Amino acid sequence: MNMALKTLIESINSQIEVLVKNGYEIHDSDNLEYFLGSIKYDSRDDLIKANFMEKE
């Protein structure tokens, strides 16, 4: 992964972390019990993928 993409993903994950910490979760539209926890790059598929967390 090149440095620009790595930096972008780290920046987005930092923003997601702050949103969640302050009570602003981005929910899965099909299952509201899950919200966006982070994103990651999958080099095998050459895709950026979302990781969802279950609401407690």
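The values are calculated or read from the model by the stated rules, or taken from the named source; none is laboratory data. These numbers were taken from a predicted model, which means no experiment stands behind them. When we count neighbours, we look across all protein chains shown, and the Cβ atoms used for this are built from the backbone with ideal geometry, even at glycine. Just so you know, the surface numbers come from the protein's heavy atoms only, side chains and all, with ligands and any DNA or RNA stripped out. Shrake-Rupley method; radii C 1.70, N 1.55, O 1.52, S 1.80 Å.
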Does residue 39 satisfy the condition of being in contact with a helix residue (DSSP H, G or I) (Cβ under 8 Å, 6 or more places away or on another chain) and not in a loop (DSSP other than H, G, I, E, B)?
-> yes
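Filter the range 24-53 down to residues that are of a type in the set (Lys, Arg) and within 14 Å of the chain's Cα centre (by Cα), then give me how many there are. I'd like the intermediate steps shown before the answer.
Here is the first cut: in the range 24-53, the residues of a type in the set (Lys, Arg) are 40, 44, 49.
Checking which are within 14 Å of the chain's Cα centre (by Cα) leaves us with 40, 49.
Adding up the residues that qualify gives 2.
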Report whether or not residue 10 is modelled with pLDDT of 95 or more, assigned to a helix (DSSP H, G or I) and among the charged types (D, E, K, R).
-> yes
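I need a count of the residues in the range 13-36 that are among the polar types (S, T, N, Q) and assigned to a helix (DSSP H, G or I). Show your work before the answer.
Within the range 13-36, the subset among the polar types (S, T, N, Q) is 13-15, 22, 29, 31.
From what is left, the residues that are assigned to a helix (DSSP H, G or I) are 13-15.
Looking only at that region, the number is 3.
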Over the range 18-56, the set of residues in contact with a His (Cβ under 9 Å, 6 or more places away or on another chain) and open to solvent by less than 50 Å² (accessible area, probe 1.4 Å) is 35, 36
Kindly provide the set of residues from the range 1-23 that are within 13 Å of the chain's Cα centre (by Cα) and of a type outside the set (Val, Ile, Thr), ordered by number.
-> 8, 10, 11, 13, 14, 15, 17, 19
Mind listing whichever residues of the range 1-17 are within 14 Å of residue 53 (Cα to Cα) and open to solvent by 100 Å² or more (accessible area, probe 1.4 Å)?
-> 17
